[in-house]
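The values are calculated or read from the model by the stated rules, or taken from the named source; none is laboratory data. Just so you know, these numbers come straight off a predicted model, no measurement behind them. Virtual Cβ from ideal backbone geometry, glycine too; neighbours counted across all protein chains shown.
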Amino acid sequence: MDTNEILGVGSRVNHPANGIGVIVGLDPAAYKVVFIEHGLKSVGRHYKAWEVIEAIPEEEISSFNKFEHSLIKILAKWTDITEEVHLGSKWIDGIMILKPGSTDLKPKEIPIEAFFHKIVMVRDRIRVMEQRINSSDLNDEEKINLQQYITRIYGSLTTFNVLFRDKEDYFVGEKGA
């Protein structure tokens, strides 16, 4: 890394004392860095003892929402931390009713929030599995084969997209045939 290079938001670093972190903000004299094990800390802009894992050029972030979305993507990519996913407002306080075909059996009522939470947990676990496959020692052909199965799993879960508030949280399977 060029010793005069200014790191931008999203750059990943490994600090000798604080461990792995992500730059989340820039002050005139310091970086604001969130370390996985030590939280938010300020580190001087001229600090050189850390290892730069991934340098992202300095650029303006036009709004807090863009910044927040970028940080969530970075944390999701490099850790097992999961983001908060919101249920669509029309489903809040709703009930899902499972009605058996036999009239002598009772229907089962499940709060939609509980069901939605389970769907999100399944999605998060599939993402972790996908990350572990991609970082494994499998050869490229095996990784591609497993990735195709994961894509099909996502495709099977697209029915539940109706529950999500935000489209960026949707399940996405194969595009086009």
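Hey, any hits in segment 160-169 for a residue that's polar (S, T, N, Q), assigned by TED's automatic domain parsing to the domain that holds Phe116 and within 29 Å of His86 (Cα to Cα)? Lay out the reasoning, then the answer.
So the first thing to find is which residues in segment 160-169 are polar (S, T, N, Q), and the list is 161.
Among the residues that remain, those that are also assigned by TED's automatic domain parsing to the domain that holds Phe116 are: 161.
Narrowing further to those that are within 29 Å of His86 (Cα to Cα): 161.
Scanning segment 160-169 turns up at least one residue that is polar (S, T, N, Q), assigned by TED's automatic domain parsing to the domain that holds Phe116 and within 29 Å of His86 (Cα to Cα).
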| request: Could you look through segment 108-127, keep only residues that are part of a helix (DSSP H, G or I) and β-branched (Val, Ile, Thr), and pick out the one that is nearest to Ser89 (Cα to Cα)? | output: Ile112
| Within segment 153-177, can you find the residues that are assigned to a loop (DSSP other than H, G, I, E, B), among the basic types (Lys, Arg) and free of Cβ contacts under 8 Å to residues at least 12 places away in the same chain? | Lys175
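Hey, can you tell me all the residues within segment 132-152 that are part of a helix (DSSP H, G or I) and of a type in the set (A, V, I, L, M, F, W, C)?
Ile133, Ile144, Leu146, Ile150
Which one is surrounded by the most Cβ atoms within 10 Å (Cβ to Cβ) among residues in segment 1-49 that are in contact with a His (Cβ under 9 Å, 6 or more places away or on another chain) and part of a loop (DSSP other than H, G, I, E, B)?
At the first step, the residues of segment 1-49 found to be in contact with a His (Cβ under 9 Å, 6 or more places away or on another chain) are 3, 15, 17-19, 21, 29, 33, 35, 38, 41, 43, 47, 49.
Filter once more, so that each one left must be part of a loop (DSSP other than H, G, I, E, B): 3, 17-18, 29, 38, 47, 49.
Working: Thr3: 6, Ala17: 9, Asn18: 18, Ala29: 9, His38: 13, Tyr47: 12, Ala49: 8.
Residue satisfying both the conditions and the ranking: Asn18.
So which residues in segment 84-107 are in a helix (DSSP H, G or I), exposed (fewer than 15 other Cβ atoms within 10 Å of the Cβ) and touching a residue at least 12 places away in the same chain (Cβ under 8 Å), if there are any at all?
First pass over segment 84-107, keeping only residues in a helix (DSSP H, G or I): 89-91.
Filter again for exposed (fewer than 15 other Cβ atoms within 10 Å of the Cβ), leaving 89-90.
Scanning segment 84-107 gives a single hit, Ser89.
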